Amino acid sequence: MDRPLPQPDPETAFFWEAANRGELHILRCRNCGTYIHLPRPACRTCGSTDLAPERVSGRGTVHSYTVTHFPLPGYEPPFAVVLVELEEQPGLRLVSNLVDVRPDEIEIGMPVEVTFEPAADDVMLPLFRRRA
């Protein structure tokens with residue numbers, strides 16, 4: 001069975017459009033500079049609604065992870081689901097998969113970077129790989 005594809009909505013379309021261009025964009029408050037993920041209508045720090053997508057580096061570290069040992073649609077076990085903390089801001093975290101690393105080699109604090117892989121003709125997924 002194929003991997004489930006993202007279903008962009010008005011709040012997340014910017015994220016998926018950027019991913020299709022090979023870029024990682026996160027919503028950011030124009031008033032105080034706080035990055036906001038998952039997208040929401042107002043800044044959790046200052047309450048401003050003046051938010052806009054901004055490109056981020058895609059570099060971060062593994063904050064946490066789990067290894068799944070049973071099959072799910074589009075995934076062959078074992079596979080890792082990682083929580084990556086991006087370097088732009090403490091606490092700015094993104095859930096994704098880690099590729100090209102065996103599950104038993106994953107470590108908390110491992111430096112990673114975003115990579116984009118096609119999931120369909122018009123869908124690129126932001127995944128992470130070990131950073132050199």
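The values are calculated or read from the model by the stated rules, or taken from the named source; none is laboratory data. Fair warning: this is a prediction, and the values are worked out from it, not measured in the lab. All Cβ positions, even for glycine, are placed from backbone atoms using ideal geometry, and neighbour counts span all protein chains on display. Note: areas computed on protein heavy atoms with side chains; ligands, DNA, RNA excluded. Shrake-Rupley method; radii C 1.70, N 1.55, O 1.52, S 1.80 Å.
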>> Suppose the filter is closer than 26 Å to VAL123 by Cα, in contact with a Lys or Arg (Cβ under 8 Å, 6 or more places away or on another chain) and open to solvent by 50 Å² or more (accessible area, probe 1.4 Å); does TYR75 pass it?
In response: yes
> Can you tell me which residues in the range 95-131 are touching a residue at least 60 places away in the same chain (Cβ under 8 Å) and either surrounded by 15 or more Cβ atoms within 10 Å (Cβ to Cβ) or not in a strand (DSSP E or B) (or both)?
Replying inline: VAL114, PHE116, ALA119, ASP122, VAL123, MET124, LEU125, PRO126, PHE128, ARG131
> Of all residues in the range 78-90, which are of a type outside the set (Phe, Trp, Tyr) and open to solvent by less than 40 Å² (accessible area, probe 1.4 Å)?
Replying inline: ALA80, VAL82, VAL84, LEU86, GLN89
> Hey, among the residues in the range 38-64 that are within 27 Å of ASP9 (Cα to Cα) and assigned to a strand (DSSP E or B), which one's most open to solvent (accessible area, probe 1.4 Å)?
Replying inline: ARG55
>> Taking the conditions exactly as written (surrounded by 13 or more Cβ atoms within 10 Å (Cβ to Cβ), of a type outside the set (S, T, N, Q) and in a strand (DSSP E or B)), does GLU17 satisfy them or not?
In response: no
>> Can you say whether GLU76 is at pLDDT 95 or above and more than 28 Å from LEU27 (Cβ to Cβ), as far as the supplied structure shows?
In response: no
>> If I filter the range 79-94 down to residues being assigned to a loop (DSSP other than H, G, I, E, B) and touching a residue at least 12 places away in the same chain (Cβ under 8 Å), which single residue comes out as nearest to PHE15 (Cα to Cα)?
In response: LEU92
